[in-house]
Amino acid sequence: MFKRYLIAGLLVWVPLGITFLVIRALVGVMDRTLLLLPPEWRPEALLGFPVPGLGIVLSVLIVLLTGMVVANLLGRKLVEGWESLLNRIPLVRSIYSSVKQILETLFVSGGKSFRKVLLIEYPRRGIWTLAFQTGNGADEVHDKSGHQLVTVFVPTTPNPTSGFIIMLPEDEIIELDMSVEDGLKLIMSLGVVAPPPRAKVAPDRANS
């Protein structure tokens, strides 16, 4: 009885505590954007006390204003000039171009990266794991391997930000109906949080 009550209490407070710590850390990082304001414009000077979370509002405004500027012709020219300058710096060029390409792939409409959850046999046949499709491979890889390969990302658990990039033939992957969010939950929870079961369609309805 004592163990059951203890576990029930932990299931309430541990998720709340972790959520609070993560949000507080994010708010703390975002609030550092207030340092961009002149000292006399900061909440401490105007109100006499700090306002937690105000940095989030400022960060969102900065991102929106930046998007409005770069959406027009003049803004695009400014970005092109800025990127041309960065491309002349060897190490900065590699990091900037890689990060930008990843973000464009993830957020631009029509991208195929991280849109599909796959089931593959890895690290050997007979052992199955989840993976995410990240691309269709490179032409040189297709030509030299003699196969139409799919590039997939196999994340580690419980930290899905690290993992392995492997390339598999199309006939060796199984595409799941599972959403990317459910796939990430399954990985981060060590397989404990499984997606809800799908409703089965009756045979007579399926054929109607």
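Contact annotation: residue pairs with Cβ atoms under 9 Å, 6 or more positions apart or on different chains, pairing a residue in region 46-72 that is aliphatic (A, V, I, L, M) with a partner that is loosely packed, with under 11 Cβ neighbours inside 10 Å, are 46/40.
Against the condition under 19 Å from residue 123 (Cβ atoms) and either of a type in the set (Lys, Arg) or more than 19 Å from the chain's Cα centre (by Cα) (or both), how does residue 168 come out, does it pass? Here the answer is yes, as residue 168 does meet what is asked.
Kindly indicate the residue of region 109-154 that is of a type in the set (Ser, Thr, Tyr) and either assigned to a strand (DSSP E or B) or touching a helix residue (DSSP H, G or I) at 6+ places or on another chain (Cβ under 9 Å) (or both) and also modelled with the highest pLDDT among those meeting that condition. My answer is 129. For residue 174, indicate whether it is touching a residue at least 24 places away in the same chain (Cβ under 8 Å), more than 21 Å from the chain's Cα centre (by Cα) and either outside the structural domain of residue 33 (by TED's automatic domain parsing) or surrounded by 11 or more Cβ atoms within 10 Å (Cβ to Cβ) (or both). For residue 174, the condition - touching a residue at least 24 places away in the same chain (Cβ under 8 Å), more than 21 Å from the chain's Cα centre (by Cα) and either outside the structural domain of residue 33 (by TED's automatic domain parsing) or surrounded by 11 or more Cβ atoms within 10 Å (Cβ to Cβ) (or both) - is met.
On the stretch given as region 80-98, residues that are surrounded by 13 or more Cβ atoms within 10 Å (Cβ to Cβ) and in a helix (DSSP H, G or I) total 5.
The values are calculated or read from the model by the stated rules, or taken from the named source; none is laboratory data. Remember, predicted model here, so these are calculated numbers, not experimental data. Here the Cβ is made from the backbone with ideal geometry for all residues, glycine too, and neighbour counts use every protein chain on show.
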